[in-house]
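What follows is a single structure, written as structure tokens, with notes after it.
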Protein chains: 2
Amino acid sequence: MQSLGDSYPSRVAERPAITLRQDPVVWSEPGREVSGPLSDYQIKSYAEQGFLFLPELFSLGEVEALMQEIRRLSTDPAVTTRPECITEPKSGNIRSLFAVHEMSDTFARLAAHPQLAGAARQILASNVYIHQSRVNLKPGFRGEAFYWHSDFETWHVEDGMPRMRALSISLLLTDNNAFNGPLMIVPGSHLKFISCVGKTPENHYQHSLKKQEYGVPDEESITHCVQDGGITAPTGRAGSVLIFDCNVLHGSNANMTPWPRSNVFFVYNSVRNSLTAPYSGQQPRPKFIANRHFEPVPLSADSEPVVA
Amino acid sequence: MQSLGDSYPSRVAERPAITLRQDPVVWSEPGREVSGPLSDYQIKSYAEQGFLFLPELFSLGEVEALMQEIRRLSTDPAVTTRPECITEPKSGNIRSLFAVHEMSDTFARLAAHPQLAGAARQILASNVYIHQSRVNLKPGFRGEAFYWHSDFETWHVEDGMPRMRALSISLLLTDNNAFNGPLMIVPGSHLKFISCVGKTPENHYQHSLKKQEYGVPDEESITHCVQDGGITAPTGRAGSVLIFDCNVLHGSNANMTPWPRSNVFFVYNSVRNSLTAPYSGQQPRPKFIANRHFEPVPLSADSEPVVA
């Protein structure tokens with residue numbers, strides 16, 4: 001049952017709706033800012049746009065070390081046989097690897113990096129834990145599209161995340177350009193909540209519907225947001241970093257170029273925003289998709305290298 | 001049967017192959033140039049890259065007049081019930097309208113415009129006729145992708161076009177940007193011919209308008225061309241014009257933005273390159289897809305307006 005106190009009801013009404021965001025984007029209070037790697041200007045831009053792009057924050061050497069670690073994980077049967085490892089139906093190639101920060105010391109260190117976890121703490125004004133981590137390997141020619149969505153809508157309804165006090169940080173492992181399916185963002189859309197239309201919730205466990213049939217914003221609401229903010233696709237060299245709010249509208253095109261598009265994602269959630277029961281009233285999703293161990297990401301010294 | 005004299009065999013071998021183009025790109029001989037609207041610099045750039053983009057060649061008023069004509073055609077049952085009119089299976093909305101220059105005086109005048117037919121004559125160094133004309137209406141949210149291909153490969157195999165002495169001119173009827181599925185081109189790829197694998201079944205055009213299965217270049221050959229020339233997507237305001245060679249590798253992404261992407265295409269073929277029997281040995285495709293009336297596009301006075 002949807003709680004009466006739910007600030008962001010979705011998938012319960014017969015018609016979609018847009019409401020205003022009930023939460024801050026940057027959670028630190030004036031005069032009580034949390035220190036971190038981002039400048040005042042960057043914080044202000046993030047608050048307004050819902051994302052921040054940091055070109056070439058990591059070196060190509062660091063990126064190559066991460067790719068090596070992915071190759072190691074990808075050939076380890078103890079990894080590839082786990083449910084965290086999502087392979088392509090036809091080729092058997094790995095498409096996504098979840099919970100990488102739990103499988104690999106390298107990625108655990110990366111998740112705690114002061115430029116990443118530090119930025120998350122600075123924006124969310126608290127300790128943070130990893131709600132989800134993931135390596136995406138979008139291959140050339142066959143990388144699939146991902147339709148417009150708000151992450152928060154899903155995390156709220158399906159995972160029980162109460163408030164908009166979470167963000168994603170994506171580190172590009174390959175060059176991203178306009179053609180190989182970069183993340184497209186609707187700037188400013190994070191300030192509105194698009195309530196999606198529900199699909200017979202009482203029966204839905206009986207159907208094996210595709211995931212993206214749920215939590216899909218309606219075209220009118222997307223059009224409204226795009227009329228306001230346009231569309232942008234931050235692109236850049238491998239090693240660049242994209243920070244984006246949990247509620248910003250985003251999606252990506254298919255990749256029909258020969259160029260793969262790979263990245264590593266960390267979702268940081270505030271420890272003061274840890275998960276409750278899913279607002280849908282249904283069973284929680286698996287832990288590797290929605291972590292329920294709310295242990296803070298450890299502080300990492302600035303001098304510690306990403307890759308040992 | 002594939003003729004022994006076929007310069008561009010395709011869909012006959014079990015393995016793909018890349019061969020060199022056997023024909024000029026710009027057909028006029030030095031000292032015997034055909035006059036036209038393009039400068040020497042533009043002609044040289046076209047010869048090297050395989051395309052030429054002319055930003056905002058037509059005014060927004062002219063574009064609006066063309067859109068009005070499309071709306072008129074789209075609501076005329078004498079048009080919408082013809083096979084030239086391709087509708088979307090679900091919505092019934094028009095996706096493509098072929099042979100528009102035969103259905104509409106406005107589009108007949110546009111096809112004969114000195115900036116369009118004149119450029120085609122200048123590049124192909126002869127009179128030209130319309131091999132195919134088409135209005136494409138790629139809607140927002142649901143515009144489909146079109147995979148990499150060479151037009152010539154299809155026109156040669158399925159329509160019996162002997163040589164690479166044809167080109168397409170696309171007039172943008174909506175703004176094209178990086179996100180709404182613009183044409184992606186591999187510069188320089190027009191100088192190579194990718195021989196595709198697989199035999200074409202009879203009547204395949206009925207499906208190929210919806211889904212590509214034949215005449216699809218292999219990934220290795222595409223990668224080879226992209227390594228050489230990269231990928232570019234000429235974008236610009238409505239009224240802009242793209243001229244591209246019949247053999248340049250191109251494709252387009254799906255359009256998941258709210259912004260529609262519409263254009264009008266004319267394929268000009270040299271009257272000295274008129275169609276023979278299809279090189280596949282199969283039945284020719286319908287006349288509205290591969291015109292077999294090789295009447296030259298009439299010369300049009302510069303002063304004549306596109307839209308009466």
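Which ones in segment B:151-182 are within 14 Å of chain A (Cβ to nearest Cβ) and in a loop (DSSP other than H, G, I, E, B)?
Within segment B:151-182, the first condition is being within 14 Å of chain A (Cβ to nearest Cβ), and the residues that meet it are B:175-182.
Residues satisfying the conditions are B:Asp175, B:Asn177, B:Ala178, B:Phe179, B:Asn180, B:Gly181, B:Pro182.
Applying the criterion of being touching a helix residue (DSSP H, G or I) at 6+ places or on another chain (Cβ under 8 Å), of a type outside the set (Val, Ile, Thr) and part of a strand (DSSP E or B) to the residues of segment B:135-150, the residue that is modelled with the lowest pLDDT is B:Leu137. Pairing each residue of segment A:91-107 that is under 13 Å from A:Ile130 (Cβ atoms) with any residue that is open to solvent by less than 30 Å² (accessible area, probe 1.4 Å) and in a loop (DSSP other than H, G, I, E, B), provided the two are 6+ apart or on different chains, yields C-beta distances under 7 Å for A:Phe98/A:Glu84; A:Ala99/A:Glu84.
Taking segment B:113-140 as the range and being among the small types (Gly, Ala, Ser) and more than 16 Å from the chain's Cα centre (by Cα) as the test, the residues that pass are B:Gly118, B:Ala125, B:Ser126, B:Gly140. The residues listed here are A:Phe244, A:Phe288; of these, the one that is touching a helix residue (DSSP H, G or I) at 6+ places or on another chain (Cβ under 9 Å), among the aromatic types (Phe, Trp, Tyr) and closer than 30 Å to B:Ala178 by Cβ is A:Phe244.
Listed by first and then second residue, the pairs with beta-carbon distance under 7 Å, at least 6 apart or on different chains, first residue in segment A:164-185 and more than 29 Å from B:Val186 (Cβ to Cβ), second at pLDDT below 95 and surrounded by fewer than 24 Cβ atoms within 10 Å (Cβ to Cβ), form an empty list.
Go through segment B:115-150 residue by residue and tally those that are away from chain A (no Cβ under 14 Å) and either among the aliphatic types (A, V, I, L, M) or open to solvent by 20 Å² or more (accessible area, probe 1.4 Å) (or both). Counting residues in segment B:115-150 that are away from chain A (no Cβ under 14 Å) and either among the aliphatic types (A, V, I, L, M) or open to solvent by 20 Å² or more (accessible area, probe 1.4 Å) (or both) gives 16.
Tally time: how many residues in segment A:273-283 are open to solvent by 30 Å² or more (accessible area, probe 1.4 Å) and either within 14 Å of chain B (Cβ to nearest Cβ) or touching a Lys or Arg at 6+ places or on another chain (Cβ under 7 Å) (or both)? Going through segment A:273-283 one residue at a time, the tally reaches 1.
Let's see how each residue does on (1) closer than 26 Å to B:Ile194 by Cα; (2) of a type in the set (Asp, Glu):
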| site | (1), (2) |
| --- | --- |
| B:Thr19 | yes, no |
| B:Glu33 | no, yes |
| B:Leu57 | no, no |
| B:Leu60 | no, no |
| B:Met67 | no, no |
| B:Thr75 | no, no |
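Could you check, for segment B:64-72, whether at least one of its residues is part of a loop (DSSP other than H, G, I, E, B) and open to solvent by less than 50 Å² (accessible area, probe 1.4 Å)? Spell out how you get there, then give the answer.
The first filter runs over segment B:64-72 and keeps only residues part of a loop (DSSP other than H, G, I, E, B), leaving none.
No, segment B:64-72 has no match at all.
If you go through segment A:229-267 and keep only what is surrounded by 23 or more Cβ atoms within 10 Å (Cβ to Cβ), more than 11 Å from chain B (Cβ to nearest Cβ) and part of a loop (DSSP other than H, G, I, E, B), you end up with A:Cys246, A:Asn247, A:Val248, A:Leu249. Selection within segment B:169-197: residues that are surrounded by 24 or more Cβ atoms within 10 Å (Cβ to Cβ) and among the small types (Gly, Ala, Ser). The member of this set that is modelled with the highest pLDDT is B:Ser189. Inside segment B:73-117, residues that are hydrophobic (A, V, I, L, M, F, W, C) and assigned to a loop (DSSP other than H, G, I, E, B) make up a count of 3.
The values are calculated or read from the model by the stated rules, or taken from the named source; none is laboratory data. Because the structure is a prediction, the values reported are computed rather than measured. Glycine also receives a Cβ, built like all others from the backbone with ideal geometry; neighbour counts cover every protein chain displayed. Remember, those area values only see protein heavy atoms, side chains included, never the ligands or the DNA or RNA. Shrake-Rupley method; radii C 1.70, N 1.55, O 1.52, S 1.80 Å.
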